[in-house]
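**Student:** Dumping the structure here so I can ask a few things about it.
Values in this text are rule-based calculations from the coordinates and carry no lab data. These numbers come from a predicted model, not from an experiment. A quick note on method: Cβ atoms are made from the backbone with ideal geometry, for glycine too, and the neighbour counts reach across all protein chains shown.
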Amino acid sequence: MTLRGDTLAIKNAGEFVNLKIDGFYLRRPISVCDVEGDVLTLIYKVVGGGTEAMSAMEKGTELLVMTGLGNGYDLSVAGESPLLIGGGVGVPPMYLLARRLLALGKRVTVILGFNTADEVFYEDEFKALGCDVKVTTVDGSHGIKGFVTDALPEEYSYFYTCGPMPMFRALFKATSTSGQFSFEERMGCGFGACMGCSCKTVTGYKRICKDGPVLKKEEIIWAD
Amino acid sequence: MTLRGDTLAIKNAGEFVNLKIDGFYLRRPISVCDVEGDVLTLIYKVVGGGTEAMSAMEKGTELLVMTGLGNGYDLSVAGESPLLIGGGVGVPPMYLLARRLLALGKRVTVILGFNTADEVFYEDEFKALGCDVKVTTVDGSHGIKGFVTDALPEEYSYFYTCGPMPMFRALFKATSTSGQFSFEERMGCGFGACMGCSCKTVTGYKRICKDGPVLKKEEIIWAD
Amino acid sequence: MGRLNVNLCGIEMDNPIIPASGTFGYGYEFAEIYDINILGTFSFKGTTKEGRFGNPTPRIAECTAGMINAVGLQNPGVEKVIAEELPKLKKCFHKPVMANVSGFSIHDYAYTCALLDNEEQVGWLEVNVSCPNVHGGGMSFGTSPDAAAEVTRAVKAVTKKPVIVKLSPNVTDIVAIAKACEEAGADGISLINTLLGMRIDLKTRKPVIANTMGGFSGPAIFPVALRMVYQVAHAVNIPVVGGGGVSTAENVIEMMLAGATAVEVGAQNLVNPMACKEIIENLPAAMDKYHIDNLNDIIGGVKNG
Amino acid sequence: MGRLNVNLCGIEMDNPIIPASGTFGYGYEFAEIYDINILGTFSFKGTTKEGRFGNPTPRIAECTAGMINAVGLQNPGVEKVIAEELPKLKKCFHKPVMANVSGFSIHDYAYTCALLDNEEQVGWLEVNVSCPNVHGGGMSFGTSPDAAAEVTRAVKAVTKKPVIVKLSPNVTDIVAIAKACEEAGADGISLINTLLGMRIDLKTRKPVIANTMGGFSGPAIFPVALRMVYQVAHAVNIPVVGGGGVSTAENVIEMMLAGATAVEVGAQNLVNPMACKEIIENLPAAMDKYHIDNLNDIIGGVKNG
């Protein structure tokens, strides 16, 4: 979905917005896929009632949206050839990140992981940006057969990722450099007030919504 | 408000419909003012959140409406010169009743009671039907100064009324013939299931929504 | 055996859907709207030894996602129910019905249940120890394990029909009360009845309900009901009838996962008279969506967090 | 003296609006959004003797007109709160703040309150005997009159600041517990904390909350909260802080008519960070609509039904 409005609060790739949806009490956090001027692009997967209602919204619907939430990715440590890895619903935030890194003159490699060909999306958009794009599908129906870890290049300066936990655990082991992971958690407020989405890190307790969603590889503690 | 839809279930003047309003759990019962073909006319006073929401509805809004609720007035006992007495929010149901009685060739006298001139409505509509119309206002700012009981004619064959309790009590004493009163009560279901709107009558317990809202003068027991 | 069939205390039901007592009268009003024989069963209006008018009006208040009622057990009394209501009910409903019984003394309960025990159409006795609307009445029985057990024993002594005790949620320890009823011989537990609630009219500054407080029901109370159904179902070895704010087929599945063998639908019948019909019609699709072949496979099937 | 001023246990407040503990952190997140000095006060994150991470995630569940949380008293512990949080809080909030305290033993409560008693900015101590998220913890104190009274006495012994005991609604007789606290010396009663609730994820068939159950709050619980505020306010002679599902200025007026001297706003802060600001701004118009000159005129002003 694309929204038009005041996007000035959105600073970094990897931030999210929090949408008020009629008929639901809690807001729904959605990661920013792209922002250009006053146009905000959100790509989401229908997983429950909230996202179902979103997909049923008509053109012209007005939404209450809290923007500029979360820390987002830190680009200052990207190096010259950063690697971006998006798994399924984790693909969208990689788009704005890729644009920003390319704007900084980086050589950006993107790995997009899916279960099967039908799920693949945004491959062409990333190519159009000028990224080196690799796609993996678990069943091999498109691109490289296997997981994103089967597509890791020899060389890269740093990595950024967003996706499901199993992918994170695999990447944590398989990656040779440092990197940043964007986590998902059920949130209450989305702006750090309720402690609903806390997690333990090497550097103490962090709120995914306020101190995250992006955590550095070094600070992550994997829950058993 | 006027609604277009299946009105076949609406049989008698004095029935009500029950409207589902977004954002409210219980339906809102509104008396039928007029019905002609598939057009239903409802006139209501904004007294709370529900009616407030109704008055804010835009043209073209679709509503879930239960129709044909309540017993309505019994016209078979009207005689030749029935008297209709509507007080404030009790005026609307008198309109369809007047139309039906006139269609039966009755000489219909209507008394409309209000507090003040600004509240007066439907006087011309009743005149246009060909009723003998008297209007009373408590402050005398329009029509006869005083209450509907101050406008009672010498002669009438029977009476029908809808309005506030104090008016009912006054009419009960002041009227020389039998008649029918349409009562209001907070309802749960509106179709007789929940016993939320029961009242005691000479002929036993009655549900205002199902056995009423119209009760005959002889069966009414006035709560103290 | 269809995929919706369940067995409640030895009686087969075509589906687990039971309109809750007090929201379905004795069935006729709904029989005019749809064929109520599609229901699993229904629990008829709470019946007492003597006839009652109940509480003064207003008895109803609007709430966010719910309503408060303070009807106060209006009913013609058990003799009239048997003489006048059941014959009429028999004409529009041809399955075992659930007889909901309330009382103000142990003797009341026993008296009323003994008479209903003779009625062929009565399948289950749902003993309400929880109506929050009667001062010093039902409420007190439902808030003490001993009193609830005493009522259970007294009723079991006068009937061979399955006895399902309906509990009040307005308690500190619902499990203790459920266990006491089970030990006293209850064949099933039904919960929850309404939460005690109140609203004030800002214009008149009076309680909206003439009786000041009343029973709060509707979708708003679903999470509390689900929690109590879960707690009780995991603590007793008799079937649990789950209810409280159920308004969709998904709610029914959630209640059954929590441990309900059958599910009561209450307030929703009042705002949508077709609610139970729609829930029954929507169940198969909802089951497919969540990969449920047969409802019996999911009763109490919630996994550990 | 403005028309919104109230006096809570001897401390003047510009208005009765108090963001509830656990929904407002230590204030800074909201101070970034609006000047929180417009508030009557706020009750800061529940503080315990030792630091706590709280419960595993997920800790949050969506409900109809509400939410369930099972944060489990995450806080850095009273020493760190005093050393690190209060100085930061002082920078953005210049009024007496309400210190919310929880514990797992009488000693815990006394220890934590004794330390907070030395803090100038702490105006009131809100002693939470009701958090439903900690196994064997807060909950048990709040469900027994004797235990609640014991906590009250222990806290009163170590502080000169007004002690407001926050009660759990998950009890049979809230009045008995409130009275026990009053007799034990409580300066005020705060209610209600959250209702114990649960949701199940139909896809995973697991509880949505990792801790299985959690505290249910939001507009859905307002009628239960209002009823308990009414019952307690009419039974005790100390001020009552009313809360539970409050989300509008009208809700505030209804709570005060029921007997609340001040009103807590909880879950609504999470879905609308401007909630308290908007409520305070909307109060005068709402008061005009219902012909209320001064809020003090309506405290406990509900008429008999």
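**Student:** For the stretch C:203-227 and the stretch A:100-158, what is the separation of their C-alpha centers, rounded to whole Å?
**Tutor:** 55 Å
**Student:** Explain nothing, just compute: Karplus ³J(HN,Hα) = 6.51 cos²θ - 1.76 cosθ + 1.60, θ = phi - 60°, for every residue of the stretch A:156-162 in order, whole Hz, x for Gly and Pro.
**Tutor:** So the Karplus estimates, Gly and Pro as x, are 6, 8, 5, 9, 10, 9, 8 Hz.
**Student:** Can you show me the helix-derived [θ] at 222 nm for chain D, built from DSSP H runs with n ≥ 4 at -39,500 (n - 2.57) apiece and divided by the number of residues, rounded to the nearest 500. The partial results should precede the final answer.
**Tutor:** Values: 10 runs with 91 residues, N = 305.
The per-residue figure over chain D is -8500 deg cm²/dmol.
**Student:** Need one number: % antiparallel among DSSP beta bridges in the stretch C:54-191, to the nearest 5.
**Tutor:** Rounded to the nearest five, the antiparallel share is 25 percent.
**Student:** At C:Tyr34, label 7 Å along Cα→Cβ: distances to the other copies, nm, ascending?
**Tutor:** Sorted ascending, the copy-to-copy spacings read 4.5 nm.
**Student:** Give the cross-link partners of C:Lys49 among the lysines, using a straight C-alpha distance below 16 Å as the criterion and excluding same-chain residues fewer than 8 apart.
**Tutor:** Straight-distance partners of C:Lys49: C:Lys80.
**Student:** Based on the alpha-carbon gyration tensor of the stretch C:6-297 and its eigenvalue square roots a ≥ b ≥ c, which shape applies: rounded if a/c is under 1.5, prolate if not and a/b is larger than b/c, or oblate?
**Tutor:** Rounded, because the longest to shortest axis ratio a/c is under 1.5.
**Student:** Listed highest first by mean packing, meaning other Cβ atoms within 10 Å per residue, what order do C:181-194, A:91-104 come in?
**Tutor:** So the peptides C:181-194, A:91-104, ranked by packing, come out C:181-194, A:91-104.
**Student:** While we're on this one: Of all GluC sites (Glu not before Pro) in the stretch A:33-113, which ones are in loop regions per DSSP and have a Cβ with at most 12 other Cβ atoms within 10 Å?
**Tutor:** Those satisfying the criteria are A:Glu58, A:Glu62, A:Glu80.
**Student:** Same structure again: Given H placed on each backbone N at 1.01 Å, which residues far from C:Val122 in sequence or on other chains put an amide H within less than 5 Å of it?
**Tutor:** C:Val97
**Student:** What order do you get for D:Glu29, A:Glu155 when you list them from fewest to most C-beta neighbours inside 10 Å?
**Tutor:** Going from least to most buried by this count: A:Glu155, D:Glu29.
**Student:** Considering only DSSP beta bridges where both residues belong to the protein assembly as shown, give the percentage that are antiparallel (nearest 5).
**Tutor:** 45 percent
**Student:** Calculate the tail of P(r) for the protein assembly as shown: the fraction of all Cα-Cα distances greater than 39 Å, expressed in %.
**Tutor:** On the way: 292526 of 559153 pairs.
So the pairs more than 39 Å apart make up 52 percent of the total in the protein assembly as shown.
**Student:** Related question: Please report C:Thr48, A:Thr109 as a ranked list, fewest other C-beta atoms within 10 angstrom at the top and most at the bottom.
**Tutor:** On the way: C:Thr48 26, A:Thr109 21.
In increasing order of surrounding Cβ atoms, one gets A:Thr109, C:Thr48.
**Student:** Sticking with this one: When a/c reaches 1.5 or more, the comparison of a/b and b/c decides; with that in mind, is the stretch D:28-170 rounded, prolate or oblate per its Cα gyration tensor?
**Tutor:** Verdict is oblate for the stretch D:28-170.
**Student:** If you plug each phi of the stretch C:108-113 into the Karplus form 6.51 cos²θ - 1.76 cosθ + 1.60 with θ = phi - 60°, what whole-Hz ³J(HN,Hα) values come out, in order, with x for Gly and Pro?
**Tutor:** 3, 4, 5, 4, 5, 5
**Student:** Quantify how strongly other chains surround peptide C:192-200 by giving the mean number of their Cβ atoms within 10 Å of each of its Cβ atoms.
**Tutor:** Taking the mean over all residues of the peptide, I get 6.
**Student:** What gaps in nm, shortest first, separate D:Asn7 from its twins in the other copies when you place the label 7 Å past Cα toward the beta carbon?
**Tutor:** 7.0
**Student:** Next up: Calculate the mean, over all residues of peptide B:16-23, of how many other protein chain Cβ atoms lie within 10 angstrom of the residue's Cβ.
**Tutor:** Partner Cβ neighbours, averaged per residue: 1.
**Student:** Related question: Return the long-range amide H neighbours of B:Val135 (sequence gap of 5 or more, or a different chain), with a cut-off of under 5 Å between placed amide H atoms.
**Tutor:** Amide H neighbours of B:Val135, under 5 Å, 5+ apart: B:Leu112, B:Ile144.
**Student:** Next question, about the same structure. Hey, got the average number of other protein chain Cβ atoms within 10 angstrom for residues in C:206-214?
**Tutor:** Partner-chain Cβ atoms within 10 Å, mean over residues of C:206-214: 4.
**Student:** Let me ask another. Per residue Cα convex hull volume for the stretch A:75-219, in cubic angstrom? Intermediate results must be reported in sequence, preceding the final value.
**Tutor:** Details: hull volume 16.2 nm³, N = 145.
Per residue, the Cα convex hull of the stretch A:75-219 comes to 111 Å³.
**Student:** Distances in nm, one decimal, shortest first, from D:Glu183 to the same residue in every other copy, taking the label point 7 angstrom along Cα→Cβ.
**Tutor:** Sorted ascending, the copy-to-copy spacings read 2.8 nm.
**Student:** Can you bin the stretch B:22-158 into rounded, prolate or oblate? Criterion: square roots of the alpha carbon gyration tensor eigenvalues sorted a ≥ b ≥ c, rounded for a/c under 1.5, prolate for a/b above b/c, oblate for the rest. Display every interim value, and only then the final one.
**Tutor:** Details: a/c = 2.27, a/b = 1.40, b/c = 1.62.
Oblate, because a/c is 1.5 or more while a/b does not exceed b/c.
**Student:** Sorting C:Trp124, B:Trp222 on the 10 Å Cβ count, fewest up front, what's the list? Don't jump to the answer; show the numbers that get you there.
**Tutor:** On the way: C:Trp124 27, B:Trp222 8.
The order, fewest Cβ neighbours first, is B:Trp222, C:Trp124.
**Student:** Using a 7 Å offset from Cα along Cα-Cβ at B:Ala103, what residues in the stretch B:29-62 end up with backbone N under 16 Å from the label point?
**Tutor:** Counting only backbone N, you get B:32-41.
**Student:** Can you give the relative contact order of the stretch D:33-94 as a percent, counting alpha carbon pairs under 8 Å and 6+ residues apart?
**Tutor:** Result for the stretch D:33-94 is 39 percent.
**Student:** Taking 8 Å as the Cα distance limit and 6 or more residues as the minimum spacing, I'd like the relative contact order of the stretch A:1-66 as a percentage.
**Tutor:** 35 percent
**Student:** Normalising by the residue count of chain B, find the relative contact order in percent from Cα pairs under 8 Å and 6+ residues apart.
**Tutor:** 18 percent
**Student:** Something else now. Across the stretch C:219-230, in residue order, what do the Karplus-derived ³J(HN,Hα) couplings come to in whole Hz, using 6.51 cos²θ - 1.76 cosθ + 1.60 with θ = phi - 60° and x for Gly and Pro?
**Tutor:** Residue by residue, the stretch C:219-230 yields x, 4, 8, 3, x, 6, 4, 4, 4, 6, 4, 4 Hz.
**Student:** State the Cα centre-to-centre distance between the stretch D:51-107 and the stretch B:178-209 in whole Å.
**Tutor:** 52 Å
**Student:** Set the Förster distance to 60 Å, then compute FRET efficiency between A:Asp6 and B:Thr149 from the Cβ-Cβ distance, nearest 0.05.
**Tutor:** Step by step, r from the Cβ atoms, then E = 0.45.
**Student:** Using only Cα atoms and rounding to the nearest 10 degrees, what angle (0 to 90) does helix B:92-103 make with the longest principal axis of chain B?
**Tutor:** 60 degrees
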